[in-house]
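Here's the structure we're looking at; comments come further down.
The values are calculated or read from the model by the stated rules, or taken from the named source; none is laboratory data. What you see is a predicted model; the values in this text were computed from it and never measured. Positions of Cβ are backbone-derived with ideal geometry, glycine not excepted, and every protein chain shown enters the neighbour counts. The accessibility values were calculated without ligands, DNA or RNA, using every heavy atom of the protein model including side chains. Shrake-Rupley method; radii C 1.70, N 1.55, O 1.52, S 1.80 Å.
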Amino acid sequence: MTSLPLISVDPDARGRKPAMPPRHLADLDLPGRRALVTELGEPAFRAKQVSNHYFGRLVRDPERMTDLPAATRERLAGTLLPTLLTPVRELACDDGATRKALWRLHDGSLVESVLMGYPDRVTVCISSQAGCGMACPFCATGQAGLTRNLSTAEIVDQAVYLAGVAASGAVAGSPPRLSHVVFMGMGEPLANYARVVAAIRRLVAPAPEGLGLSQRHITVSTVGLVPAIRRLASEDLSVTLALSLHAPDDELRDELVPVNQRWKVSEVLEAAWDYAATTGRRVSIEYAMIKDVNDQPWRADLLGRLLAGKLAHVNLIPLNPTPGSRWDASPKPVEREFVRRLRDAGVSTTVRDTRGREIDGACGQLAAAEDTDSDSRAATA
Ligand code: SAH
C-alpha cells in the first residue's frame, strides 16, 4: 500500500485556542445545503448535485463533477467541500485488511480512524474528539487529555473518505461497500453529543443527503454518561449502544473508568437497559481483560449476575498494550474461565479480535503521535 508523506504539525498551531473548522456540506441537512447554495447565488438544485458526488459517488474532486458548469465548479466545491482531513500517514496490517489513517485537522490537531475488512462486511472505527477528557488509565487516548470536539463534518468525513478507500478495492477479500461504523476511535462520543448525533443522521440518511448506512450497523461506544444515554434513547435512532464497563463493582470501576465516580455501575446499567427497552437493540458491554485487575472469577460471577436475563452481549477485549502502562492482558486460560462463567450465567459473550495491534490501531491505542517508531512499522505491501 502507499505510505502517505509525513506532514509535520505547525508548532505555532499547538498553543492556540482550538478553533472549529470551516463549514462543510456534511454539517448540514439537505435543506440547509440548499439554503447555502442559494446564498451563493446558485440554483438550489446544485446542493443535491454536489451532495450526490460526495455521499453517493464518494467523489470530492471538482474536476470530476462534470454535471456542474465548469465556471462554478471550483467555487461550489470550495464552499461546500472545504478540506477537513489531510492524510498524514496510512498504515496497514493483517495483509491489508486493517488500515489506520492519521489525519491532520485544519488547526493542526491529529486524529485517527481505522478501516477493517472482513469477508462479509467493512467497518470503519472513527474518532469523535481530538484527544479525550475521560482519563481512563489503560487507554492511550485518555492519557493525553482533550484537545477539542470534532465538528459533525470532521466526524462524517472520516467515514466518507474511508468508504472511498474501500470502494477502490483497497481492502482485499472484503466487499467494496462500507457497511458498519463504530464510534470507538479517539474521544468520548457522548461528550460531543449534538455533533455526534448529527453525524449519525448524515451516516444513515439515504444518498444524496447522507451515506445510506443502516442504523443497526452503527455503534456508539461510551464510558457511560447517563443523561446522554437517556437522551440518545429519545432520538428515534436505533443505533447500537456499547457501554465500556470494565468492572462490575464501583470500587474498581471508579479507578478504571473515572466517570464512574459520578454515575455508578447500577445507574449506568439501568440507563443501558432502558436504552435497550426503548430501541429494541441489544447493548454491547465492553470489558477489557486486565491481568490480576478485573479478571478474577468472582468478578465474572458478579458480572454474570448483573447481566443475566438482560438484552446484553459481552465483548471481552484482550487489553492492548499502551505506552507506559503498568497493566498486561489477562492470560488466555484466565480469559477462557471468565468467558465460561459468563456463559454459564446465561450471558452471551465473545472475545474481540485484536485487529490493528501492530500498527497501534487497536482499541485504546489511538494516540495520534507522529512517532517515527510507528513509521518504521508501516506496511509497504
Ligand atoms: N470513549 C468511548 C469510545 C472509545 S474506546 C468509550 O470509552 O467507550 C473504545 C473501546 O476500547 C472502549 O471500550 C475502551 O474502554 C476500550 N479500550 C480503551 N483502551 C483499551 C486498551 N488499552 N485495551 C483494550 N481496550 C481498550
- If only one of E74, E90, E42 is more than 19 Å from A207 (Cβ to Cβ) and either aliphatic (A, V, I, L, M) or touching a strand residue (DSSP E or B) at 6+ places or on another chain (Cβ under 6 Å) (or both), which one is it? E90
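In segment 208-218, is there at least one residue being touching a residue at least 12 places away in the same chain (Cβ under 8 Å) and within 12 Å of the ligand (Cβ to nearest atom)? Let's see the steps before the verdict.
So in segment 208-218, the residues touching a residue at least 12 places away in the same chain (Cβ under 8 Å) come out as 208-218.
Next cut, within 12 Å of the ligand (Cβ to nearest atom) only: none.
No - not one qualifying residue is present in segment 208-218.
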- Residue among L85, L146, L105, L91 that is over 26 Å from R216 (Cα atoms) and either within 16 Å of the ligand (Cβ to nearest atom) or open to solvent by 30 Å² or more (accessible area, probe 1.4 Å) (or both): L146
- Which residues, counting only those in segment 168-186, are in a loop (DSSP other than H, G, I, E, B), within 11 Å of the ligand (Cβ to nearest atom) and open to solvent by 20 Å² or more (accessible area, probe 1.4 Å)? M184
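Looking only at segment 296-337, which residues are aromatic (F, W, Y) and buried (at least 17 other Cβ atoms within 10 Å of the Cβ)?
Going through segment 296-337, the residues aromatic (F, W, Y) turn out to be 298, 327.
Within segment 296-337, W327 is the sole residue that qualifies.
For segment 222-264, name all the residues that are of a type in the set (G, A, S), within 15 Å of the ligand (Cβ to nearest atom) and touching a helix residue (DSSP H, G or I) at 6+ places or on another chain (Cβ under 7 Å). Break it down into steps so the answer makes sense when it comes.
So the first thing to find is which residues in segment 222-264 are of a type in the set (G, A, S), and the list is 224, 228, 233-234, 238, 242, 244, 247.
Still in the list and also within 15 Å of the ligand (Cβ to nearest atom): 224, 228, 242, 244, 247.
Once the filter is applied, which keeps residues that are of a type in the set (G, A, S), within 15 Å of the ligand (Cβ to nearest atom) and touching a helix residue (DSSP H, G or I) at 6+ places or on another chain (Cβ under 7 Å), segment 222-264 yields G224, A228, A247.
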- Item | segment 155-172 residues that are under 15 Å from P87 (Cα atoms), paired with ones that are of a type in the set (S, T, Y) and part of a helix (DSSP H, G or I) (beta carbon under 7 Å, 6 or more apart) | V160/Y54
- Message: Which count do you get for residues in segment 260-293 that are open to solvent by 70 Å² or more (accessible area, probe 1.4 Å) and within 27 Å of N320 (Cβ to Cβ)?
- Response: 5
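Going by the conditions given, is P189 within 14 Å of the ligand (Cβ to nearest atom) and in contact with a helix residue (DSSP H, G or I) (Cβ under 6 Å, 6 or more places away or on another chain)?
On the way: within 14 Å of the ligand (Cβ to nearest atom): yes; in contact with a helix residue (DSSP H, G or I) (Cβ under 6 Å, 6 or more places away or on another chain): yes.
Answer is yes for this residue.
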- Query: Among the residues of segment 196-217, which ones are buried (at least 21 other Cβ atoms within 10 Å of the Cβ) and under 13 Å from the mean Cα position of the chain (by Cα)?
  - Reply: V196, A199, I200, L203
- Residues of segment 137-155 satisfying the condition of being modelled with pLDDT of 95 or more and in a loop (DSSP other than H, G, I, E, B): L150, S151
